[in-house]
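The values are calculated or read from the model by the stated rules, or taken from the named source; none is laboratory data. Note that the coordinates shown come from a computational prediction; the quantities given were computed from them, not determined experimentally. Here the Cβ positions follow ideal geometry from the backbone for every residue, glycine too, while neighbour counts run over all protein chains shown.
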Amino acid sequence: MAWTRTSRWMVGAGLVAVAALAAGVFLTTQSDTDSGLVQVNGRVESDQIVVSARVPARIADVLVREGDVVKAGQVMLKLNDDGVAARTAQAAAAATAQMAQVRALESSLSLLRSETAMLTQTAQAEVTAAQAELNRLGVVAQQSALERDRVKQLADQGFVGPQALERAQVATKSALEQYSSARAQVQKAQVNLQNARLAPQRIASRSAELQAAIAQAEMAQAKALEAASESKELTVTAPVNGHVVARYINPGEAVNHGVPLYAIADLSKVYLKAYIPEPMLGRIQLGQPAQIWTDSAPDQPIDAKVGYIANRAEFTPKEVQTRDERTKLVFEVRLYPTQTSQLKLLPGQPADGMIRLSPDAPWHAPRH
């Protein structure tokens with residue numbers, strides 16, 4: 001192919017233009033670096049929270065959808081499970097029955113403790129009275145026996161008739177029978193006293209029964225709380241203020257424990273995700289001041305700081321247009337807002353960031 005003067009001039013001019021463009025890009029980047037600022041480009045992202053089902057159930061009602069803004073505690077979804085309601089009622093009834101048994105044992109133990117001293121004193125008094133009666137009847141029986149013997153001697157000598165001897169014998173027999181009965185009463189009173197003195201052991205045994213009943217009642221209460229908590233889990237609420245970015249279920253579907261229901265972007269924890277070329281890595285440090293600039297508020301930058309620097313390099317993502325095409329390996333950085341601003345950063349929103357390398361470097365808007 002023959003080169004004419006015109007074609008040679010056009011090619012030369014093109015090479016000069018390309019060189020000038022490349023030099024312009026380099027000089028722009030170099031200018032930012034020399035001014036103490038580094039410009040990064042990226043998009044706003046946020047921490048995402050996956051809301052999952054805690055109990056197996058069926059979707060009854062879906063109250064929020066993708067794109068909705070929710071507040072912490074807001075009802076997002078309702079589940080339905082008849083078995084949960086039945087288990088909750090059964091556990092509550094069992095807990096009530098166990099508590100009734102505990103109260104009955106507490107009342108019985110209190111009564112036993114209050115009766116112990118009185119029962120011991122009463123039993124001791126009965127033993128004393130029975131022993132005194134036994135002693136009295138012993139004396140009576142002994143006198144009756146002596147009287148019988150004297151009447152027998154008189155009867156043998158013919159001074160009294162047989163009727164007198166018979167009456168003396170009957171009186172003696174009656175006295176001996178009363179003495180024998182009194183001795184039985186003494187033994188019975190002594191047994192009652194021994195039983196009364198065993199009251200501390202009975203109190204200890206009843207206390208052990210009470211403690212066992214209390215433990216069973218606590219277990220029943222725990223099961224009732226667990227069942228009530230399971231029933232409460234049928235109503236799914238938002239854990240944080242955020243933006244619903246995904247919904248994985250539809251009404252009527254059956255879900256198992258741990259199945260994701262929603263994904264929520266936490267709007268209180270947004271950040272600018274951007275990338276820096278590998279040669280700049282040594283100049284970026286955690287905590288460095290930064291600014292986030294958005295197209296929606298081009299004159300109101302948001303103060304930020306470098307809160308994350310990746311420890312591994314990656315190739316330039318396709319959605320990020322780097323200003324220096326010659327550098328392919330980049331590191332992810334995240335700029336976290338440090339001020340409470342009325343400006344809202346939404347996940348997915350494109351934004352620019354300016355990182356201050358020198359403390360006295362003046363801020364300026366990103367260059368496009």
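Is the range 223-231 home to any residue that is closer than 30 Å to LEU111 by Cβ, of a type outside the set (Ser, Thr, Tyr), part of a helix (DSSP H, G or I) and touching a residue at least 24 places away in the same chain (Cβ under 8 Å)? Yes, there is a match, as at least one residue in the range 223-231 is closer than 30 Å to LEU111 by Cβ, of a type outside the set (Ser, Thr, Tyr), part of a helix (DSSP H, G or I) and touching a residue at least 24 places away in the same chain (Cβ under 8 Å). Is it the case, given these coordinates, that LYS152 is basic (Lys, Arg), over 30 Å from SER107 (Cα atoms) and in a helix (DSSP H, G or I)? Spelling it out, LYS152 is indeed basic (Lys, Arg), over 30 Å from SER107 (Cα atoms) and in a helix (DSSP H, G or I).
Among the residues in the range 163-185, are any among the aliphatic types (A, V, I, L, M), within 30 Å of ARG103 (Cβ to Cβ), in contact (Cβ under 8 Å) with a residue 12 or more places away in the chain and touching a helix residue (DSSP H, G or I) at 6+ places or on another chain (Cβ under 6 Å)? Before the answer, list the steps.
Taking the range 163-185 and keeping what is among the aliphatic types (A, V, I, L, M), we get 164-165, 168, 170-171, 175-176, 182, 184.
Applying the additional criterion that residues be within 30 Å of ARG103 (Cβ to Cβ) yields none.
Looking for residues that are among the aliphatic types (A, V, I, L, M), within 30 Å of ARG103 (Cβ to Cβ), in contact (Cβ under 8 Å) with a residue 12 or more places away in the chain and touching a helix residue (DSSP H, G or I) at 6+ places or on another chain (Cβ under 6 Å), one finds none in the range 163-185, hence no.
A single member of ALA53, ALA60, ALA95 is in contact with a helix residue (DSSP H, G or I) (Cβ under 9 Å, 6 or more places away or on another chain) and of a type outside the set (Val, Ile, Thr), and it is ALA95.
If you go through the range 172-181 and keep only what is among the small types (Gly, Ala, Ser) and at pLDDT 90 or above, you end up with SER174, SER180, SER181.
Look at the range 322-365 and say how many of its residues are of a type in the set (Ser, Thr, Tyr), modelled with pLDDT of 85 or more, within 40 Å of the chain's Cα centre (by Cα) and in a loop (DSSP other than H, G, I, E, B). Step through it out loud before you land on a result.
To start, the set of residues in the range 322-365 that are of a type in the set (Ser, Thr, Tyr) comprises 322, 327, 336, 338, 340-341, 358.
From the residues that got through so far, the ones that are modelled with pLDDT of 85 or more too are 336, 338, 358.
Keeping just the survivors that are within 40 Å of the chain's Cα centre (by Cα) gives 336, 338.
Next, only the ones that are in a loop (DSSP other than H, G, I, E, B) stay: 338.
Residues in the range 322-365 being of a type in the set (Ser, Thr, Tyr), modelled with pLDDT of 85 or more, within 40 Å of the chain's Cα centre (by Cα) and in a loop (DSSP other than H, G, I, E, B): 1 in total.
All told, SER296 meets the bar of being more than 30 Å from LEU111 (Cα to Cα) and among the polar types (S, T, N, Q).
Taking the conditions exactly as written (at pLDDT 85 or above and farther than 13 Å from VAL38 by Cβ), does GLU319 satisfy them or not? No, not satisfied. With respect to LEU193, is the statement that it is of a type in the set (A, V, I, L, M, F, W, C), at pLDDT below 90 and in a helix (DSSP H, G or I) true? So LEU193 fits the description; yes. For the range 194-203, does any single residue satisfy the condition of being surrounded by 19 or more Cβ atoms within 10 Å (Cβ to Cβ), touching a strand residue (DSSP E or B) at 6+ places or on another chain (Cβ under 8 Å) and in contact (Cβ under 8 Å) with a residue 60 or more places away in the chain? The answer is no, given that none of the residues of the range 194-203 is surrounded by 19 or more Cβ atoms within 10 Å (Cβ to Cβ), touching a strand residue (DSSP E or B) at 6+ places or on another chain (Cβ under 8 Å) and in contact (Cβ under 8 Å) with a residue 60 or more places away in the chain. Screening ARG58, ARG54 for residues that are modelled with pLDDT under 85, within 30 Å of GLU230 (Cβ to Cβ) and surrounded by 12 or more Cβ atoms within 10 Å (Cβ to Cβ) leaves exactly one candidate, ARG54.
Once the range 240-288 is narrowed to residues that are under 20 Å from VAL44 (Cβ atoms), more than 35 Å from the chain's Cα centre (by Cα) and not aliphatic (A, V, I, L, M), the residue that is surrounded by the fewest Cβ atoms within 10 Å (Cβ to Cβ) is GLN288.
Residues checked against (1) of a type in the set (S, T, N, Q); (2) touching a Leu at 6+ places or on another chain (Cβ under 7 Å); (3) buried (at least 17 other Cβ atoms within 10 Å of the Cβ):
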residue: SER108; (1), (2), (3): yes, no, no
residue: SER114; (1), (2), (3): yes, no, no
residue: ALA132; (1), (2), (3): no, no, no
residue: ARG136; (1), (2), (3): no, no, no
residue: ARG148; (1), (2), (3): no, no, yes
residue: GLN157; (1), (2), (3): yes, no, no
residue: THR172; (1), (2), (3): yes, no, yes
residue: SER181; (1), (2), (3): yes, no, no
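Condition first: among the aliphatic types (A, V, I, L, M) and either closer than 14 Å to GLN194 by Cβ or modelled with pLDDT under 85 (or both). Now tell me which residues in the range 115-129 satisfy that. Full working, then the answer.
Step one: of the range 115-129, the residues among the aliphatic types (A, V, I, L, M) are 117-119, 123, 125, 127, 129.
Correct list: ALA117, MET118, LEU119, ALA123, VAL127.
Per the conditions (1) at pLDDT 90 or above; (2) among the aliphatic types (A, V, I, L, M); (3) closer than 27 Å to SER229 by Cβ, the sole criterion not satisfied by LEU146 is (3). Do the conditions hold for VAL69, that is, is it under 30 Å from THR235 (Cβ atoms) and at pLDDT 80 or above? Taking the combined requirement at face value, the residue satisfies it. The set of residues in the range 100-119 being acidic (Asp, Glu) and within 42 Å of the chain's Cα centre (by Cα) consists of GLU106 alone.
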